[in-house]
Each structure stands twice: as structure tokens, then as C-alpha cells.
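Here's the structure, in C-alpha cells; my notes come after.
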Amino acid sequence: TNMSTGKAIESDGSSSNGEPPKGESAFPTVPGSLLGRFFQELSAHVVLRNQNYLDHLKAGGDVDILVGSVEEAEQSLRRHVGEPAWVLRRSYVTNCFYPFGHIDLIPRVEWWGAAYLNERLVQRSSEPTEYGTRKPRLAHEALVSWFTSLLWGGFFKARYRRTVIDAALTDGAELQKVLAAATGERWGKRLFNIATTPEKSEAWVGAVRRAV
């Protein structure tokens, strides 16, 4: 298990090139009722972004779920939705691949072992949604949406621009607080000052990574 390299802890049914096996077609469509039962049983969880998870899966996306226990969440997922075609376990996420899309079970919000948002705070501040799940406070969702692509990929994902802007305008005090907790007071303030144009943070990727 190596957090510095991000290598898999364990994988089930994976091919040698790290791709999911081809030809599996257990679910021709997204099994909404089965996923609904899974979420009903999952006590401590927060869907970190893309709250309408069924539409997001149908569009080819995945579902990022912060969970209290990855082991229990995976067992529940297998019980209600069925066996994944492929599972990849890393220290920071367990990816469960199904023909309809993949479900990411996340124990903590981090980048190469550096936590940038306290998972207990996210759980404690979450609220129920119309989809039978729980969602983060807006400032927390904005930080995850902003930093996931920025830290891991070195870019800002434009689809989350509105989320970050809305957080800056309506939940600004909390956004500034979690930015400072993630990167320190200096960089937290600089990032908050461009939160209505968050794509500008692409110019600061190296510095933000070092700050985290």
C-alpha cells in the first residue's frame, strides 16, 4: 500500500494494463431502485458532488461517496447492487466498476495522503437530498469540486464553476475558512479572492499543491 505512488492495494478481476475487463453487461441500464436501497442502508455517507447521481451515471459519470466505513459500504453495495465487474482499492478510494458506471467509496478527502477537508466536518454539516442521499454543505462541495481536478489533474473543471461561485456568494465565510484550513491563511485568502473566477487558480497549481 503506497500513498506516495497511488498504487492499488488490491484489485479483483483486473487486466494487466489496469483496465476493467471487457464484455461484462449485467446491467444494460442504471439500476436506480437497487442503488436507492443501497443508499437507504448506508447510514454515514455524503455524495460529494453531482447530487442527481442517476442522471450523472446515465451521462457516463461516476458517483463519489464519502463513507464512514469503506468495508461496510462495499459490502452493502455488493448486497444490493450485485458484484462489481472490477474493483480497484487504493488508500484514498475504492472504485467499484459496474457496466452502468462506477461507484467511488471515499474514506477521506485527500491528495497523496494530505487531507484538505475534514471528513467529520463534511458528515456533520451534510443534509438530506430529494434523491435519498446526503449532500455536503455548499462550501464543502465547492472545495471538493474545485480541488479534485486542480490537485490531481492540474486544471479547473469548468462544469463546477457555478458551484464554486455560488459558494463564494452565499456561503463565503465557510468557504474562506475551509480554504485556509486546506492551504494556510495566505493561500486560502488568495484563492478566496478569485473564487468568482476559479479557473484562474490553474496558474497556481504548483503553489497550491505545496500549500496542501
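The values are calculated or read from the model by the stated rules, or taken from the named source; none is laboratory data. All values derive from a computational prediction rather than experimental measurement. Every residue, glycine as well, gets a Cβ built from its backbone with ideal geometry; the counts of neighbours run over all protein chains shown. Heads up: the accessible areas ignore ligands, DNA and RNA and are worked out on the full protein's heavy atoms, side chains in. Shrake-Rupley method; radii C 1.70, N 1.55, O 1.52, S 1.80 Å.
Please report the net charge: other residues with Cβ closer than 9 Å to the Cβ of residue 126, K and R +1, D and E -1. Kindly include the intermediate steps, with their values, before the conclusion.
Numbers: positive: 124, 134, 135, 137; negative: 127.
My count for the surroundings of residue 126 gives +3.
Determine the per residue accessible area of the chain with all protein chains present and a 1.4 angstrom probe, expressed in square angstrom.
49 Å²
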Residue (of 80, 204, 133) at the positive-pole extreme of the chain, dipole from beta-carbon charges: 204
Around residue 154: net Lys/Arg minus Asp/Glu count, Cβ-Cβ under 9 Å: 0
Rel. contact order, % - alpha carbon contacts under 8 angstrom, at least six apart, the chain: 18 percent
Accessible-area composition of the chain, carbon plus sulfur, in percent [1.4 Å probe]: 47 percent
Distance between region 134-212 and region 30-72 - C-alpha centres, whole angstrom: 23 Å
Kirkwood Rh (inverse of mean 1/r, distinct Cα pairs), the chain, angstrom: 17.9 Å
Overall dimensions of region 61-103 as given by Cα atoms, namely Rg and Dmax in Å: 9.7, 26
Assigned charges on the beta-carbon of Lys, Arg, Asp, Glu; the chain dipole about Cα centre (debye): 700 debye
Neighbourhood net charge (12 Å Cβ-Cβ; Lys/Arg +1, Asp/Glu -1) for residue 208: +4
Length-normalised contact order of region 50-164 in % [C-alpha pairs under 8 Å, at least 6 apart]: 19 percent
